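The numbers here are math on the coordinates, done by the rules we state, and not lab data. Just so you know, these numbers come straight off a predicted model, no measurement behind them. Glycine gets a Cβ as well: all are built from the backbone with ideal geometry, and neighbour counts include every protein chain shown.
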Amino acid sequence: MLASPAVFRRQQFLLRCLGGFGDCTYQNRRQQIKAMSGTSIEADAEHILRAITPCLDPNRYKGQAGKIAVIGGCREYTGAPYFAAISALKIGADLSHVFCTKDAAPVIKSYSPELIVHPVLEESYSVRDEERKFISERVLAEVDKWLERFDCLVIGPGLGRDPFLLDCVSEIIKHARQTNIPMVIDGDGLFLITGNLHLVSNYPLAVLTPNVNEYKRLVENVLLAEVDEQDAPNQLLSLAKRIGGLTILRKGRADLISDGETVKSVSIYGSPRRCGGQGDILSGSVAVFISWAQRQGLVTDDNMTSSPKNPTVLGCIAGSALLRRAASLAFENKKRSTLTTDIIEFLWRSLEDISPAD
């Protein structure tokens, strides 16, 4: 079946706009992505997404489709945790929580009554030196009460870099790790991790989702090298191995994903519009898909021998594919005016196109 004229025009336009590809023919684009991807293998992302996504079942009760918690949100940054948390709900998680500072809580809550907001985090300005230990223990106790209920954490959106707040989040990560809760670390959570790799080293349920600059800092700090775009897959593989036991989703023209064993790429058409907040959608999406992949168990079949079986890798592939489809649809409608909120509104359509609910 031929694509509609509107869809065909959108595909051709996106091919032209994916900077650096030059000739916009499909074959040339595939060849250039292959050259850029090196030893990575393009994931069958839509198949994986369909396999992970659970059927809607009237016999299930609230919470069985996923309970996600976002750790982030401070005075300056309230949008990022909202984007991550609401994206999780839009995809199909049953419950989405946000643990943020007291200043951020009423703002985030005002964005949506669907979110469960916990104003428990503290920043340095509100804590006297003699109170630091007591307040830190109180924050940890408040979060600890909820930890075992969650299927996955998203740590970092809108977190900021306040030293006391980062110290508290370090303790939360330690406790989450002891409880074997998967965690997706993004934004300022990556700033924290880059200087404290022991928090996630050799933890197979941890996922890092760095953008260009965040990835550069990780490579320089861990591999003591510059980013090598010519051998990007192998360098990512080395980085994941060196940190040990976790999964890294390197965001870019094609998303590269490695758990230190293999490298997968997702290069589904997205959007040439680079509005802030898309990474927050991705982190919330990946969290949901990881929780679903764990519940589904082995989600690959005998016809996909090259497909990964690690639930964190599967979650990254599915989240990347869904975001790219949603961004493409949003850009088709809003063009240069596309915002993160527009992309969020197309998450349902993207998921329905790939994995229909009926």
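Summary of computed values
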{"read-out": "Whether the range 118-169 is rounded, prolate or oblate, judged on the alpha carbon gyration tensor where a/c under 1.5 counts as rounded", "value": "oblate"}
{"read-out": "Separation in nanometres of the label points that stand 7 Å from Cα toward Cβ, at ARG60 and SER112", "value": "1.7 nm"}
{"read-out": "Between helix 311-334 and the chain: long-axis angle, C-alpha atoms, 0 to 90°, nearest 10", "value": "70 degrees"}
{"read-out": "VAL70 long-range amide H proximity, modeled H, under 5 Å", "value": "HIS97, VAL98, PHE99, VAL154"}
{"read-out": "Normalised contact order of the chain, rounded percent, pairs of Cα under 8 Å and 6 or more residues apart", "value": "20 percent"}
{"read-out": "Per-residue Cβ neighbour rank within 10 angstrom, fewest leading, HIS118, HIS198", "value": "HIS198, HIS118"}
{"read-out": "Top of LEU140, LEU89, LEU190 by mean-square fluctuation, Gaussian network on the chain, Cα under 10 Å", "value": "LEU140"}
{"read-out": "Reduced Cα scattering model of the range 177-217, Debye log10 I(q)/I(0), q = 0.16, 0.17, 0.22, 0.31 Å⁻¹", "value": "-0.37, -0.42, -0.69, -1.18"}
{"read-out": "Cleavage-rule hits, GluC sites (Glu not before Pro), the range 216-251, DSSP coil, Cβ neighbours within 10 Å at most 12", "value": "GLU226"}
{"read-out": "Computed helical MRE - 222 nm, the chain, DSSP H runs ≥ 4 contributing -39500 (n - 2.57), nearest 500", "value": "-14500 deg cm²/dmol"}
{"read-out": "Contact order normalised by residue count of the range 103-233, Cα under 8 Å, 6+ apart, percent", "value": "19 percent"}
{"read-out": "Charge dipole (debye, nearest 20) of the range 198-261; +1 at Cβ of Lys and Arg, -1 at Cβ of Asp and Glu", "value": "160 debye"}
{"read-out": "Cα-only radius of gyration and Dmax that characterise the chain, units Å", "value": "19.8, 70"}
{"read-out": "Residues LYS62, LYS90, LYS174, sorted so that the one with the fewest Cβ neighbours within 10 Å comes first", "value": "LYS62, LYS174, LYS90"}
{"read-out": "Student exercise, the chain dipole from Lys, Arg, Asp, Glu Cβ charges, in Debye to nearest 20", "value": "820 debye"}
{"read-out": "Cα gyration tensor shape for the range 116-223, rounded if a/c is under 1.5, else prolate or oblate", "value": "oblate"}
{"read-out": "10 Å binning of all Cα-Cα separations within the range 159-315, expressed as whole percents from 0 upward", "value": "10, 40, 37, 12, 1, 0"}
{"read-out": "Between 0 and 90°, nearest 10: helix 26-37 axis offset from the chain longest Cα axis", "value": "40 degrees"}
{"read-out": "Dipole moment magnitude, nearest 20 debye, the range 227-358 about Cα centre, only Lys, Arg, Asp, Glu C-beta charged", "value": "420 debye"}
{"read-out": "Residue among ALA141, ALA45, ALA104 with the largest mean-square fluctuation in a Gaussian network model of the chain, springs linking Cα atoms under 10 Å", "value": "ALA141"}
{"read-out": "Packing rank of 332-343, 255-266, where each peptide gets the mean count of other beta carbons within 10 Å, highest leading", "value": "255-266, 332-343"}
{"read-out": "Reach of LYS145 by Cα under 29 Å, taken over lysines that are not fewer than 8 positions away in the same chain", "value": "LYS62, LYS67, LYS90, LYS102, LYS109, LYS133, LYS174"}
{"read-out": "Lys/Arg +1, Asp/Glu -1 at C-beta; the range 197-309 dipole; positive extreme among LEU237, LEU197, LEU282", "value": "LEU282"}
{"read-out": "Euclidean distance between Cα centres, the range 96-115 to the range 318-339, Å", "value": "25 Å"}
{"read-out": "Beta bridges by DSSP in the chain, antiparallel share as percent, to the nearest 5", "value": "25 percent"}
{"read-out": "Residue of CYS168, CYS316, CYS74 that the Gaussian network model of the chain assigns the largest fluctuation, springs spanning Cα pairs under 10 Å", "value": "CYS168"}
